[in-house]
Structure formats: structure tokens, C-alpha cells
Amino acid sequence: MRLPMLAGQEFGPFLIEKELGSGAMGAVYLARYIKNNHRVAIKIMSSAINSNASSSLVARFEREAEILKNLNNPNIVRLFGIGKFKGLRYYAMEVIDGETLEAILLRKGAFSWDETIDLGKQICNALQHAHDNGVIHRDIKLSNLMVTKQGILKLTDFGIAKDLDGTLLTGANCAIGTAAYMSPEQCRGESKVTGQSDLYSLGVVLFELLTGKRPFRGDNAVELFLHHVQSKPERPSRINLEIPKFLDTLVLHLLEKKPEDRPPSASVVAKILEEIRVKILAQTSVGEDLAKSYADGSGLTKTSERKKARKLLARIGKKEEGTPWFRSCLFVSIMMLAVMFAFSWTMYEI
């Protein structure tokens with residue numbers, strides 16, 4: 001049973017303006033708080049579910065509201081209040097003036113590496129706050145990640161989140177989540193799910209943002225489960241050659257089958273993402289310096305230019321020492337520079 005037409009009507013302390021979307025559990029409406037005219041989004045549970053107080057969906061709805069009430073982070077949708085009006089349960093939350101990452105990806109295609117790093121860091125910020133408060137989201141996916149017009153990411157839909165201090169709403173050995181994004185331990189229905197499960201899902205999200213595709217595809221949930229548990233994902237850079245190897249390796253690290261083989265926390269992933277940005281920009285600056293020297297006709301024919309190239313390479317080499325993740329990418333860069341140097345030296349000798 002659908003909710004009655006509420007647009008234009010008062011609903012408790014709110015004036016409903018229009019429906020924003022609906023699903024099996026109910027609908028979300030754009031509304032205004034009558035007292036101060038503040039815009040809010042109201043999630044109202046359907047009357048059919050509301051009539052069955054023992055329903056697991058009622059428990060899920062109330063649990064989501066309770067979880068959001070205890071979270072306060074700029075990258076997590078903010079809860080304003082919960083209540084019940086004329087037998088209908090609801091909660092009011094902030095209005096997100098933007099669209100989901102899923103919609104953006106469909107509209108514009110794969111994201112650039114720097115856009116992906118920025119979004120990834122914001123997702124990590126939301127996840128770390130949730131994990132610090134004992135909450136595992138368990139349903140990280142593009143449709144649950146919204147971006148405002150100002151570029152601020154918001155994590156939504158905590159309906160199947162697991163409170164580490166509470167009781168899991170689903171029975172044991174029951175897979176919960178969205179098949180394409182679920183961790184191997186979720187696919188196996190394991191009851192002990194940690195923050196590393198959300199990090200696996202983050203790996204799927206980053207893979208999809210960078211390539212426009214998901215790491216695994218299947219005709220049904222069972223096939224996807226088997227892929228998550230058994231199959232090795234393809235390197236994102238084999239799909240999109242513009243993906244830096246640094247980022248390539250991090251995504252695969254997040255997609256490790258065993259939770260203990262993934263990064264230890266979302267905050268660590270955020271730090272790695274920022275370090276990757278620094279390393280990529282450092283390499284880009286080397287390339288720009290070399291390109292400039294060729295553009296003005298001097299190439300690397302001058303002794304000063306040769307010394308400068310060696311100095312830049314030595315500086316980056318020192319940064320990379322002790323970080324085997326990025327050694328292969330650095331090797332390729334050095335080889336390219338070496339070829340350019342050799343060519344220029346030959347021209348100089350002639």
C-alpha cells in the first residue's frame with residue numbers, strides 16, 4: 001500500500017512540498033519546517049509496514065534513524081529528528097542538493113584520477129567517523145553516495161548498518177547488502193563483519209569511478225558472490241590506461257579477499273590517497289620541466305639541463321625508496337626519461 005498523496009499537506013510540524021523518491025519501505029519528501037521555514041527531507045514509512053509493528057522493516061527503519069542520530073560528520077547525511085504522525089513513522093534529515101555518484105557516472109562516464117582521489121578521501125572521512133562510533137555501513141555503493149553542487153560528498157542509507165554494540169537485525173548466515181559491492185565475508189553470510197568489509201566495498205566504488213565498470217559481473221547474485229569470494233579482479237589500468245599505477249595498486253589492495261590483508265582503517269586509506277596525489281603531481285612536475293626544455297628548442301643539450309634532470313630523478317628516487325607499491329611505476333618513468341636523455345645527448349654530440 002502506497003502512502004497517501006501528501007504534497008501540499010501539513011505533516012506534523014512540516015509542510016510537504018513534493019515527493020523526491022519512493023521505495024519498498026516508503027517515500028522521501030521535500031518539506032519545510034513550519035516554525036522556521038527550514039527545508040528538510042522527510043523519510044516516511046509506508047502505511048502497510050507501519051501497521052505491522054513487529055515487522056523487521058520497522059526495526060530497520062527505526063534502527064537507521066537511531067544510528068543517524070548518533071553520527072555527526074560533514075560527509076554523512078544529517079538527521080534532524082524522528083517521530084510518528086497519524087500512525088506513520090518518519091524522520092527528518094538534511095536536504096542534499098545534488099545527485100548520486102551512480103547518476104553522475106551514467107551521465108559523464110569514468111572520473112579522472114584526481115576526482116576519484118577527492119571523492120575517495122571524503123568517503124573515507126564518513127566511514128572512519130561511522131567506524132569510530134561502532135557502526136559498519138555494509139552497503140557502500142554509488143547510489144548511496146551523493147554529491148552536492150558544492151562538491152561535498154554525503155553518505156546515505158544506513159538501513160542495513162550493523163551497530164557493533166547492538167543486535168544484528170538479520171539472522172545468521174544471511175547475506176546482506178548489494179551483490180555487486182559486497183565483501184567476500186558478506187557474501188558468505190558471516191556474522192562477524194568489520195570495518196574492512198566497508199573498505200572492500202570502497203574498493204569496488206573506486207574501481208567503478210576510475211573505469212566506469214565494476215570489477216566483477218554476473219547474471220545473478222550467486223555468480224557475483226562466487227566472483228567476490230574466488231575471482232581475482234582485473235587491474236583497473238587495463239581498462240583505463242590513464243589510471244596511475246599508484247592508484248591501481250591501492251584499489252587492488254582494498255579488494256583483497258581476506259579482511260586482514262586490506263588496509264587497517266579508512267583513515268589510513270585517506271592518507272594513502274593524499275600521498276598518491278602528491279607522488280603523481282611530483283612526477284607530473286618532472287614531465288612538465290622536461291617538456292618545457294624541449295619546447296624552447298634546448299632539449300637537454302645544456303649541461304645545466306642534464307644536471308637538473310638528474311637532480312629531479314634523484315629527488316623522486318629518494319622519496320620512492322622503501323615504498324615497493326610504486327616502484328614499478330617509477331621504473332617506467334625513469335626509463336622514459338632515460339630514453340629522452342639518451343636521444344638528447346646524441347643530438348648534442350652531433
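The values are calculated or read from the model by the stated rules, or taken from the named source; none is laboratory data. Bear in mind that the values here come from a model prediction, so they are computed numbers and not experimental data. Every residue, glycine among them, receives a Cβ derived from its backbone with ideal geometry; neighbour counts consider all protein chains shown.
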- So which residues in the stretch 12-29 are hydroxyl-bearing (Ser, Thr, Tyr) and under 10 Å from residue 42 (Cβ atoms)? 29
- Task: Evaluate the stretch 203-211: report whether one residue or more is over 17 Å from residue 126 (Cβ atoms) and among the acidic types (Asp, Glu).
- Result: yes
- Some residue of the stretch 111-121 being of a type outside the set (S, T, N, Q), in contact with a Lys or Arg (Cβ under 6 Å, 6 or more places away or on another chain) and within 26 Å of residue 244 (Cα to Cα): yes
- Task: Collect the residues in the stretch 194-212 that are assigned to a loop (DSSP other than H, G, I, E, B) and in contact with a Pro (Cβ under 9 Å, 6 or more places away or on another chain), keeping them in residue-number order.
- Result: 194
- Item | Within the stretch 34-70, tally of residues that are modelled with pLDDT under 75 and assigned to a loop (DSSP other than H, G, I, E, B) | 5
- Note on the structure: Result of the Cβ filter at 7 Å on the stretch 169-191, keeping first residues that are within 18 Å of residue 144 (Cβ to Cβ) and partners that are in a loop (DSSP other than H, G, I, E, B) and modelled with pLDDT under 50, at least 6 apart or interchain, is 176/170
- Item | Selection status of residue 167, loosely packed, with under 15 Cβ neighbours inside 10 Å, more than 26 Å from residue 264 (Cβ to Cβ) and at pLDDT 95 or above | no
- Query: Considering the stretch 122-144 alone, what residues qualify as being closer than 14 Å to residue 74 by Cα and touching a strand residue (DSSP E or B) at 6+ places or on another chain (Cβ under 9 Å)?
  - Reply: 122, 123, 125, 126, 127, 129, 130
